[in-house]
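The values are calculated or read from the model by the stated rules, or taken from the named source; none is laboratory data. Nothing here was measured: the structure is a model prediction, and the numbers come from that model. As a convention, Cβ positions derive from the backbone with ideal geometry for all residues, glycine included, and neighbour counts pool all protein chains shown. The accessibility values were calculated without ligands, DNA or RNA, using every heavy atom of the protein model including side chains. Shrake-Rupley method; radii C 1.70, N 1.55, O 1.52, S 1.80 Å.
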Amino acid sequence: MISANNITLRVGKKALFEDVNIKFTEGNCYGLIGANGAGKSTFLKILSGQLEPTNGDIVITPGQRLSFLQQDHFKYDSYPVLDTVIMGNSRLYEIMKEKEAIYAKEDFTDEDGIRASELEGEFAEMNGWEAESDAATLLNGLGIETEFHYSQMSDLTGSQKVKVLLAQALFGNPDILLLDEPTNHLDLPAIEWLEEFLINFDNTIIVVSHDRYFLNKVCTHTADIDYGKIQLYAGNYDFWFESSQLLIKQMKEANKKKEEKIKELQEFISRFSANASKSKQATSRKRALEKIQLDDMRPSSRKYPYIDFRPNREIGNEVLMVENLSKTIDGVKVLDNISFTLGHDDKVAFVGANEQAITTFFRILMGELEPDEGNYKWGVTTSQAYFPKDSTQEFDNDLTITDWLTQYSEIKDATYVRGFLGRMLFPGEDGVKRVKVLSGGEKVRCLLSKMMISGANILVLDEPTNHLDMESITALNNGLIKFPGVILFTSHDHQFVQTTANRIMEILPDGKLIDKITTYDEYLASDEMAKKRHVFEINEEDASDN
């Protein structure tokens, strides 16, 4: 068990948390939610001891081990992969290294023998002999193949490092597990594996995530941060949302009844306070009026942008034709003879682990790359708006937000342009902010403003949910659901894909295409995915046997 007692954290004059009291108990998974800037990651750092609060303390049940997901992807570059995972249990790793140092001595003394014996006993109690195989099992489950287990961390890609650090946090069955955005950069098989791992985990979990589907699947409770307080709800994210909305509705209805009663009492008092025969009744009603207290309806700190893509032109029947398209990058064929035709009602999600192929394909469609073979043709009635995965060049300039967006608008009127920025939570004073200093989430909202102002009838989006908070993801999700044009997109957000797409395309590792007119959940339950999972499970078993 871990509990926060009267936690207050002040940053300058601002109190990020004020007298927070909350208890996290064994056997439960808590989803920590809140608007961007509410302090979710900061609260995890307080719980893990990485950050000291201004007041209050964190209490952990004596003897329990806490583990958290490291965010510094370069911290372990000088260590082997397996060692990095085992470091998740620091005491076990210390014993291993001390044992190695003793046994490596040329002048092995009696004292060394006694110490080695003590270490061996503690090592056995901690299941040290299974440490490497346990670490390997975690790595295999997350998709790090056995050939990489003895590599240096510095030799891995960014997404591979994320998986190793996640395996480190999970290693050794910690009593308390803190996870900050664990699904970031994970592919579908790794996310599914993590979901099952957490569902079957018997100890305490506290997780921050923007993935609504993930929170719904793994969480037993929801801890909502709002205005420096944390309110605990039993149930997953959807249950929290329904409960919080119901609570607001009930408070509004209760206040309405109270206001009606107040009005009734005030009218009686005003009418009869000067009447001698009614004076006692008027006095009694004054006392009743003083006792009525309206519920404090403080609005949430959450802010939802207004995302509405309105095409300037209705799309025709001819949308996009792709014929025998192929592309090789760095000697690897990422697209191999791809062909398909889009209809005017298609909302296509590109899924799967071959992210480079998806990005390459989108860049070809947008004219940024040339295919090696084959061709594609957009319909004459189509216009495209593009959300790139890497937007670095877009913001590598000294323009203000207003000037940046104006260059993409047919109407060069500052008031008109600021209207789009306002919908995306950029108030008037933010219009003079330079785009080069924007945060990741602010840049995404700028790009979405650019897409809205374009009036395009085809939207191409490469990972638009990255860097967005839950409220912005929900707003974008709703905007795409009601968009009357064609969408080609990719996202790791399960609920986002399931509720938006009516057609699924997967570019396989060999560059071939699977194309199904179906929902995402139906695709995941299909024979193709079952065969792929079977192969994945066989490979995982083979790796663990080795």
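Observations on the structure shown:
- In the condition set (1) closer than 25 Å to F201 by Cβ; (2) at pLDDT below 95; (3) hydrophobic (A, V, I, L, M, F, W, C); (4) surrounded by 17 or more Cβ atoms within 10 Å (Cβ to Cβ), M1 is compliant with all but (4).
- Criterion applied to G39, G56 was being within 23 Å of the chain's Cα centre (by Cα), closer than 22 Å to A223 by Cα and not acidic (D, E), and the one residue passing it is G39.
- Residue list for the range 401-424, restricted to those being surrounded by fewer than 19 Cβ atoms within 10 Å (Cβ to Cβ) and not in a helix (DSSP H, G or I): Q407, Y408, S409, E410, I411, K412, D413
- Among residues of the range 440-475, those that are of a type outside the set (A, V, I, L, M), part of a helix (DSSP H, G or I) and either in contact with a His (Cβ under 8 Å, 6 or more places away or on another chain) or under 19 Å from L215 (Cα atoms) (or both), counted: 6
- Selection status of L119, open to solvent by less than 40 Å² (accessible area, probe 1.4 Å), at pLDDT 95 or above and not small (G, A, S): no
- Residue selection: T109 fails the criterion of being under 25 Å from the mean Cα position of the chain (by Cα) and surrounded by fewer than 18 Cβ atoms within 10 Å (Cβ to Cβ).
- Scan of the range 344-390 for residues that are in a loop (DSSP other than H, G, I, E, B), within 30 Å of the chain's Cα centre (by Cα) and buried (at least 18 other Cβ atoms within 10 Å of the Cβ), ordered by number: D346, G352, A353, N354, P388
- Of all residues in the range 22-39, none satisfies the criterion of being closer than 13 Å to L9 by Cα and surrounded by fewer than 20 Cβ atoms within 10 Å (Cβ to Cβ).
- Pairs where the first residue, in the range 1-29, is basic (K, R) and the second is open to solvent by 30 Å² or more (accessible area, probe 1.4 Å), C-beta under 6 Å, 6+ apart: R10/T54
- Strands (runs of 3 or more DSSP E) within the range 183-260 that include 1 or more residues over 23 Å from S472 (Cα atoms) and over 18 Å from the mean Cα position of the chain (by Cα): 204-208, 229-234
- On the stretch given as the range 51-94, residues that are outside any helix (DSSP H, G or I), without any contact (Cβ under 8 Å) to a residue 12 or more places away in the chain and surrounded by 13 or more Cβ atoms within 10 Å (Cβ to Cβ) total 1.
- Of all residues in the range 170-191, those that are within 19 Å of E355 (Cα to Cα) have Cβ atoms under 6 Å from Cβ atoms of residues that are surrounded by fewer than 21 Cβ atoms within 10 Å (Cβ to Cβ) and of a type in the set (A, V, I, L, M), 6 or more apart or on another chain, in T183/I191; D187/A353.
- Tally, over the range 435-450, of residues that are under 19 Å from the mean Cα position of the chain (by Cα) and within 14 Å of N397 (Cα to Cα): 1
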